[in-house]
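Asker: My structure is below; once you've seen it, I'll send some questions.
Just so it is clear, none of the values below were taken in a lab; they were calculated from the coordinates. Predicted, not measured: the structure shown is a model, and the values here were computed from it. Don't worry about glycine lacking a Cβ; one is built from the backbone with ideal geometry, like all the others, and counts go over all protein chains shown.
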Amino acid sequence: MAIFINPINPVAFSVFGLPVRWYALAYITAFLVGFFMMKYFTSKKNGELYLTKKQMDDFLSYFVLGVIIGGRLGYVLFYNLPFFVQHPLEVFALWHGGMSFHGGFIGAIVATFLFVYNNHFQPILKNAFKVLDMLAVLTPIGLGLGRIANFINMEVMGRPTDSPFGVVFVGEMPIPRHPSPIYESILEGLVLFIIMWVLYRRTKLKHYTGALSGVFCILYGLFRIFCEQFRAPDAQIGFLTSWGLTMGQLLSCGVILIGITVLYCAFKRNKL
């Protein structure tokens, strides 16, 4: 028996006639929660790396731009390049949707290194990974909220199913499909946040620069590959192989390899 749901308006409310979408609210909430948690992590009492108020404000600007630009360019390059070659102005039409975690992941890393370099933190590599380790704990919050917004927008829905978890959006989606954004919100959001938070608070990994970043990459990649088993492939790409490899799984394999490399280097450098 499928779960029948009436479509949810993607516009949460309007301000002076301008629509404010759930997707935008998810990003704003994630950035704000992350900002205040970063202030806690980087305080003199708690932080592995102390940042002043001005530096925190600067970092938020770097990070937001890195995630948005990287996420958009990642979608353009990885998922729909032929379309954007023919319609280049659509690259800037963020309100039409289309963001890639893997692109945002690269953008966040580049933004972090630029922030550390421009603020003259030495050594650059070590301090950049101190920041990335903190982001590894916080990022699942944004991932979880973003996937809930995907579900509201009826985006990246799952493959057809006859399981009791199948969802039908009345009048929009005639057959039951896996609510894959909810699966991802739970695994890549809630579960991953709990794991990373426990590792940060209850283990010594935070003292081994890069270790938390490596663990995050490995776990995210594994969770994403698992959830992609239920998610329908992007229509413009389909499966990359005859046995069902998706673009998300391929890119996540790369993230796992990065995580293993970073974790190995963190352990070796710090002689864990």
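Asker: How big, on average over all directions, is the shadow cast by the Cα convex hull of region 43-183, in nm²?
Answerer: Across all orientations, region 43-183 yields a mean hull projection of 11.5 nm².
Asker: A follow-up question, please. Relative contact order for the chain: what percent, with Cα pairs under 8 Å and sequence separation of 6 or more?
Answerer: Value for the chain: 20 percent.
Asker: Along the Cα→Cβ direction, 7 angstrom out, place labels at V170 and A93. What is the inter-label distance in nm?
Answerer: 3.1 nm
Asker: Which parts of region 216-240 would a label at V191 reach, counting a residue when its backbone N lies under 16 Å from a point 7 Å out along Cα-to-Cβ?
Answerer: Inside the label zone: 216-231.
Asker: Which aspartates and glutamates, if any, have their Cα less than 13 Å from the Cα of K204, not counting same-chain residues under 8 positions apart?
Answerer: E48, D133
Asker: Would you mind telling me the antiparallel percentage of the DSSP bridges in the chain, rounded to 5?
Answerer: If we restrict to bridges inside the chain, about 70 percent are antiparallel.
Asker: Suppose the chain between S163 and I28 were pulled fully straight at 0.36 nm per residue; how much longer would it get relative to their current alpha carbon spacing?
Answerer: Extending this stretch completely gives an extra 45.2 nm.
Asker: Here's something else I'd like to know. Taking the Cβ-Cβ separation of Y264 and E155 as r and a Förster radius of 35 Å, what is the calculated FRET efficiency to the nearest 0.05?
Answerer: 0.45
Asker: Sort 83-89, 49-55 for me by packing, meaning the mean count of neighbouring Cβ atoms within 10 Å per residue, highest on top.
Answerer: Those peptides, ordered most packed to least, come out 49-55, 83-89.
Asker: Mean-square fluctuation check for the chain, GNM, Cα pairs under 10 Å: which of F92, F105, F151 is largest?
Answerer: Result: F92 has the largest fluctuation of those listed.
Asker: Would you mind putting 134-146, 229-241, 20-32 in packing order, based on average other-beta-carbon counts within 10 Å, highest first?
Answerer: Highest-to-lowest ranking by the protection proxy: 134-146, 20-32, 229-241.
Asker: Each label point is 7 Å from the Cα along the Cα-to-Cβ direction; what then is the distance between the points at T241 and V15, in nm?
Answerer: Going by the 7 Å Cα→Cβ label model, 4.7 nm.
Asker: About the Cα centre of the chain, what is the dipole size in debye to 20, counting +1 per Lys and Arg Cβ and -1 per Asp and Glu Cβ, all else neutral?
Answerer: Result for the chain is approximately 1280 debye, rounded to the nearest 20.
Asker: If you take all C-alpha pairs in the chain, what percent of them are over 27 Å apart?
Answerer: Result: 42 percent of Cα pairs exceed 27 Å.
Asker: Show me 119-128, 73-82 ranked by packing, highest mean number of other Cβ atoms within 10 Å first.
Answerer: Output ranking for 119-128, 73-82: 73-82, 119-128.
Asker: Evaluate the Debye formula for region 120-239 with equal point scatterers sitting on the alpha carbons, no solvent, and hand back log10 of I(q)/I(0) at q = 0.10, 0.12, 0.14, 0.20 Å⁻¹, in q order, two decimals.
Answerer: With one equal scatterer per Cα and no solvent, log10 I(q)/I(0) is -0.40, -0.53, -0.67, -1.02.
Asker: I've got another one for you. For region 193-207 and region 227-249, what is the separation of their Cα centres, given in Å?
Answerer: 32 Å
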